[in-house]
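Undergrad: Starting off with a structure, shown below.
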Amino acid sequence: MAILWPAGLTDQSQPGESLRLALRHAVALAEASAGALTLRHDGGADPPASGLESGGQVIAAGISQDDARRLLAALALDPLPEPLDGRPRVRALPDIWAGEVVTLTLADADAALGEVCFLGASGFSARRALMDPFRRRALVGMLVSAARASQELTRLRQENRQLGSILHFSGDGIITVDEGLRITGFNPAMEAMTSWRQHEALGRFAYEVVRLSTPQGAPIGLDRNPLAQALATGKPVLDREYLLLARDGERVNVTVTATAVRSPASQQASAIMNVRDITRSRETEEMRTTFISVTSHELQTPIAIIKGYASTLARDDVSWNADMARERLRAIEEEADRLSHLVANLLYASRIQAGGLKMRHEELDLAALTRSVARRIVARSPDTDIRVRLPADLPLVNADRERIEEVLMNLLDNAIKYSPRGARIRVRGQATADEIIISVIDAGQGIPLREQERIFRRFERVDNVASRRTQGAGLGLYICRAIIEAHGGRIWVSSELGRGSTFSFSLPREERTSAPLVIFGGAGDVEHVTQEGTGDGTDAR
Ligand code: ADP
């Protein structure tokens, strides 16, 4: 049986239609002028209520639907006892019908289904048609089987509608095809996945609309199409992974299950395919794998170094002079710092994910903070060259000092890490009417355009020689973005391969003003020294 999709119910066969035909036929057989029939809703309770009482269906032949209802209501008000031999009950209802009204109960061995009334001229009930028990039984039998068929059709239509709703609202894409692979059903999830609208897809070949290729991207031929395979072999195709190429060029990782169905009556085959979008779960899986490999690598390196130095220092067959011992102990300390930084970052990242990042806002002088961070970095690694140039009147912001310090530290550390040793790094700032922008500019290796958005995600690193050489878990920028966005700011990068990168972030001004823009490098700028004690008016170093 075809599945009826709510958007386009096409089946015209009404359950009452065959019953109406049967009633017309019965009226002729009973030699009556008209007839009315009512079916009970509950399908046969004991004691049997009239069809009208149970709110059932009313069918009329030869009289209007309204007259049929009035007639059945009048009969229900004053019911005659039912004779045991099933003989007709005859009445006169002059308000409704000038002649005779004859009622029969519609019942089979299982239950009473309802009543039928025949209307005719006075005395027609005495005719053979209704008095002969065999003809009466045949007449009732015909109406009962028509009623049963009508009830069955109603039930099937209800089920069909329910099934249609399930398919309509299913989160998985569902498509049905006929034996020739032409689409007969296409649900909204399928529309979303393929970018084809239902009305466009119906009637087309399934392989035109649902374009599948192997997970590696090689298109599959008709012989390997899951719907074609299910139809050809009669066996279901279960949970196969494909790449679905949508009409708009989008690629979606999917798993597909296809099953063929053969109708026992018509021997016609059709097939149904369930398409599940697994892009998200695939991403999560990839993230988990990356997490394990990145963290284990990042943890292993410092642990190995610490272990190496510690066991050399512990050797009792070697005596270390104080300088050599201190040098090794310093290396151990550095690696321990690196480990604790990584663990802190991991904790931080999981807190961001759990949505537990809380900011402690305070009035903050971003210019002073930037200079202090740069100074600390230069003090820590004296061969770095950081030049900070900020407008003298950079407005205050309302922000979490520690977190913003972390962002600055991360951006400056990256600029150093991904630039040649000793290369100059510049820090610039500007204020617009709404926000303060700080930029960290390096002349390092740069970042390919296609990676520029990705590197702000968890565990994402650009795969090149420099990042393979440097340590990192790909968490720094992810954390920076979370911090900046939690402040209502933005963070972004502009970069050119081989020429360097500019990482910028903005923070909303504490008080939005309509003051003109303060542009960096303008009058009143001060070039600040980043190494303590070098004096004002010069760059760091
Ligand atoms: P990590 O540096 O620990 O790998 P980040 O999240 O800080 O993680 O950076 C992600 C990636 O972005 C880095 O691995 C690197 O490939 C790239 N990247 C970040 N900053 C720069 C930069 N200034 N120049 C070039 N590449 C950078």
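Undergrad: For the stretch 289-380, taking Cα atoms only, what is the radius of gyration to one decimal and the Dmax to the nearest whole Å?
TA: Rg and Dmax of the stretch 289-380, Cα atoms, are 18.8, 58 Å.
Undergrad: Let me ask something else. Angle check, please: helix 476-486 long axis (alpha carbons) against the longest principal axis of the chain (alpha carbons), in degrees 0 to 90, nearest 10.
TA: Taking the Cα atoms of the chain, the angle to 476-486 is about 70 degrees.
Undergrad: Set Lys and Arg Cβ to +1 and Asp and Glu Cβ to -1, take the dipole of the chain about its Cα centre, and tell me which of L449, I183, G62 lies farthest positive.
TA: Farthest towards the positive end: I183.
Undergrad: Moving to a separate point now. Go ahead and run the numbers for FRET between E17 and R262, Cβ-Cβ distance against an R0 of 25 Å, rounding to 0.05. Don't jump to the answer; show the numbers that get you there.
TA: Numbers: r = 28 Å, r/R0 = 1.12.
Working from the Cβ atoms, E equals 0.35.
Undergrad: Taking the Cα centroid of the stretch 164-189 and of the stretch 86-114, what is the distance between the two, rounded to the nearest whole Å?
TA: 47 Å
Undergrad: Quick check: the distance between the Cα centres of the stretch 191-245 and the stretch 429-501, to the nearest angstrom?
TA: For the stretch 191-245 versus the stretch 429-501, the Cα centre distance is 40 Å.
Undergrad: Which whole-number percentage describes the relative contact order of the stretch 433-481, with Cα contacts under 8 Å and a sequence gap of 6 or more? If you can, show how the numbers build up before the last one.
TA: Numbers: 27 pairs, mean separation 15.7, N = 49.
Relative contact order comes out at 32 percent.
Undergrad: Straight-line reach only, C-alpha to C-alpha below 27 angstrom: list the lysines that K307 could link to, leaving out same-chain residues fewer than 8 apart.
TA: Within the straight-line cut-off, K307 pairs with K417.
Undergrad: Work out, step by step, the length gained on full extension between R389 and E241: first 0.36 nm times the residue separation, then minus their alpha carbon distance; give nm to one decimal.
TA: Working: separation 148, 0.36 × 148 = 53.28 nm, distance 5.45 nm.
My answer for the length gained is 47.8 nm.
Undergrad: Averaging sequence separations of C-alpha pairs under 8 Å and six or more residues apart, then dividing by the length of the chain, give the relative contact order as a whole percent.
TA: Values: 961 pairs, mean separation 48.1, N = 541.
Averaging sequence separation for qualifying contacts and normalising by length gives 9 percent for the chain.
Undergrad: If you take every DSSP beta bridge whose two residues both sit in the stretch 338-471, what share of them, in percent to the nearest 5, is antiparallel? Walk me through the numbers before you get to the answer.
TA: Details: 10 of 15 bridges.
About 65 percent, rounded to the nearest 5.
Undergrad: How do the peptides 369-378, 138-147 rank, highest first, by the average count of neighbouring beta carbon atoms within 10 Å per residue?
TA: Details: 369-378: 20.7, 138-147: 18.8.
Highest-to-lowest ranking by the protection proxy: 369-378, 138-147.
Undergrad: Another question, if that's okay. Mind checking the full-extension length gain between T470 and R127? Use 0.36 nm per residue of separation minus the Cα-Cα distance, one decimal, nm.
TA: On the way: separation 343, 0.36 × 343 = 123.48 nm, distance 10.62 nm.
Here the answer is 112.9 nm.
Undergrad: With N set to the number of residues, divide the alpha-carbon radius of gyration of the chain by 2.2 N^0.38 Å and report two decimals.
TA: Cα Rg divided by the expected 2.2 N^0.38 Å: 1.73.
Undergrad: Give me the extension gain from A368 to A149: residue separation times 0.36 nm, minus the current Cα-Cα distance, reported in nm with one decimal. Don't skip to the answer; put the middle values down first.
TA: Values: separation 219, 0.36 × 219 = 78.84 nm, distance 8.63 nm.
Additional length available on full extension: 70.2 nm.
Undergrad: Go through the stretch 283-351 and name the trypsin sites (Lys or Arg not before Pro) that are in a DSSP coil and have 14 or fewer other Cβ atoms within 10 Å of their Cβ. Mind showing how you got there, number by number?
TA: Values: sites: R288, K307, R315, R326, R328, R330, R338, R351; in loops: R315.
Passing both the DSSP loop test and the Cβ count: R315.
Undergrad: As an exercise, use a Förster radius of 51 Å and the Cβ-Cβ distance of R182 and R454 to find the FRET efficiency, rounded to the nearest 0.05. Write down the numbers at each step before the final one.
TA: Numbers: r = 41 Å, r/R0 = 0.80.
Given R0 = 51 Å and the Cβ-Cβ separation, E is 0.80.
Undergrad: Treat the count of other C-beta atoms within 10 Å as a stand-in for reagent exposure and order S504, S340 from fewest to most. It would help to have the intermediate numbers written out before the result.
TA: Numbers: S504 18, S340 11.
Lowest count first: S340, S504.
Undergrad: Here's something else I'd like to know. Place a +1 charge on the Cβ of each Lys and Arg in the chain and a -1 charge on the Cβ of each Asp and Glu, then give the dipole magnitude about the Cα centre in debye, rounded to the nearest 20.
TA: 1000 debye
Laboratory data are not the source of any read-out in this text; all were calculated from the coordinates shown. Being a predicted model, the structure only gives us computed values, none of them experimental. Neighbour counts are summed over all protein chains in view; Cβ atoms, including those assigned to glycine, are modelled from backbone coordinates with ideal geometry.
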